[in-house]
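Just so it is clear, none of the values below were taken in a lab; they were calculated from the coordinates. Since the structure is predicted, the reported quantities are computational estimates derived from the model, not experimental observations. Neighbour counts are summed over all protein chains in view; Cβ atoms, including those assigned to glycine, are modelled from backbone coordinates with ideal geometry.
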Amino acid sequence: MLATLLKTTRPAFLLLTLVLIALAAGLAVYHGHVIEPHLVGLVLFGALCAHAGVNVLNEVHDAASGLDELTTRTPFSGGSGALQAHPEAQRSAAIFGWLLIAVVVLLGCYFVYLRGWELLPFGLVGLVLVIAYTPLITRLPWLCLFAPGLGFGPIMMGGAYLVITGNLTFAVLAVSLVPFLLVNNLLLLNQLPDVEADRQVQRNNVITAYGFKTASKIYRGFLVSAFLGLGLLVAVEELPPLVWISFATLPIAVWLYLGVRRLRTPHPIPASLLALNVALTLSVPALMVTALLLT
């Protein structure tokens, strides 16, 4: 049972949270703040619980709706398969998911007590995104498109920076737009293998609502915007020059751009594109963290 519950958190996916909290902490160090390791640890723990919680609730919902029975599972989409292999664990997984959310709420209350009411909007929006993502947001195409990036970018990064430092600047929110765009693209591309299954259970993302051609243009637009935005942040000195090392990932981005443009249908999509999309989403902020800590 414990192994099944752990699998429903999709542990490999949680690496994204680790990288983005590291980016928030790296920005704090770059801006001259003395950070408290135990506070960063609490922020990371809360963010991991939030990410794991939304993953678990998603697994439970998709098992109950039958969606995961309709998908062709890949390492990047279609769920973990844990509840399909052990359907008796579905109720326990639901309880586990809500317990994770309860931990997030308790930690959020502590952080608000510590840093003040200005943190509350971040917490409330983040909580709504976590709870409503699968049952509601996945049925609203444009909200489904922007919700992942909003949750991991401005909400998670901005909230983490505010807790770690006690203040928040426009520059931090501007930097968070880079992961905002990359994470939106991460989820967008991962939805491609499941498009027919999503239609059968009334999921309504931009692919099912507006077609693959539109989704492809959105993906490529976000990809270009992420690198243009990153370059602009360095050019206007909101980020140090060493952040240019993040452009070492540009060949991956070009490969993805051309690969998605060449696709004529959403299925089948080469596993190599899905893997490169994950690699890009993780490596760009990881290189940004490296540059910030070395500056």
Check: What are the semi-axes of the equivalent ellipsoid for the stretch 2-294, taken as the square roots of 5 times the Cα gyration tensor eigenvalues, largest first, in whole Å?
Finding: 29, 25, 15
Check: Label residue 213 and residue 99 with points 7 Å out from Cα along Cα→Cβ: what is the distance between them in nm?
Finding: 5.1 nm
Next item on the list: Using Cα centres only, tell me the gap between the stretch 257-295 and the stretch 146-170 in whole Å.
Entry: 22 Å
Item checked: Gain on full stretching of the segment that runs from residue 264 to residue 247 - 0.36 nm per residue minus C-alpha separation -> 3.3 nm
Next item on the list: Only Lys, Arg, Asp and Glu count, each charged at its Cβ (+1, +1, -1, -1), so figure out the dipole size of the chain about its Cα centre, rounded to 20 debye.
Entry: 660 debye
Checklist line | Residue-wise HN-Hα coupling along the stretch 90-104, computed from phi with Karplus coefficients 6.51, -1.76, 1.60 (Hz; x: Gly, Pro) | finding: 4, 5, 4, 5, 4, 4, 4, x, 6, 5, 4, 5, 4, 4, 4
Note to self: Which one, 49, 144, 109, has the greatest fluctuation when you compute a Gaussian network model over the chain with C-alpha springs under 10 angstrom?
What the structure shows: 109
Checklist line | ³J(HN,Hα), Karplus 6.51/-1.76/1.60, whole Hz, each residue of the stretch 155-163, x for Gly, Pro | finding: 6, 5, 5, x, x, 4, 4, 5, 5
Item checked: Gain upon complete extension [residue 39, residue 200; 0.36 nm per residue less C-alpha separation] -> 53.5 nm
Item checked: Using θ = phi - 60° and Karplus 6.51 cos²θ - 1.76 cosθ + 1.60, couplings along the stretch 249-254 (whole Hz; Gly, Pro as x) -> 7, 4, x, 5, 4, 5
Next item on the list: Kindly identify the stretch 120-191 as rounded, prolate or oblate by the Cα gyration tensor criterion: order the square roots of the eigenvalues as a ≥ b ≥ c, call it rounded if a/c is under 1.5, otherwise compare a/b with b/c, prolate if a/b is larger, else oblate.
Entry: oblate
Check: According to the square roots a ≥ b ≥ c of the eigenvalues of the Cα gyration tensor, what is the shape class of the stretch 97-235, taking rounded for a/c under 1.5, prolate for a/b larger than b/c otherwise, and oblate for the remainder?
Finding: oblate
Check: Could you give the length gained on full extension between residue 295 and residue 167, defined as 0.36 nm per residue of separation minus the Cα-Cα distance, in nm?
Finding: 43.9 nm
Check: If one computes the Cα centroid of the stretch 208-253 and of the stretch 6-36, what distance in Å separates the two points?
Finding: 20 Å
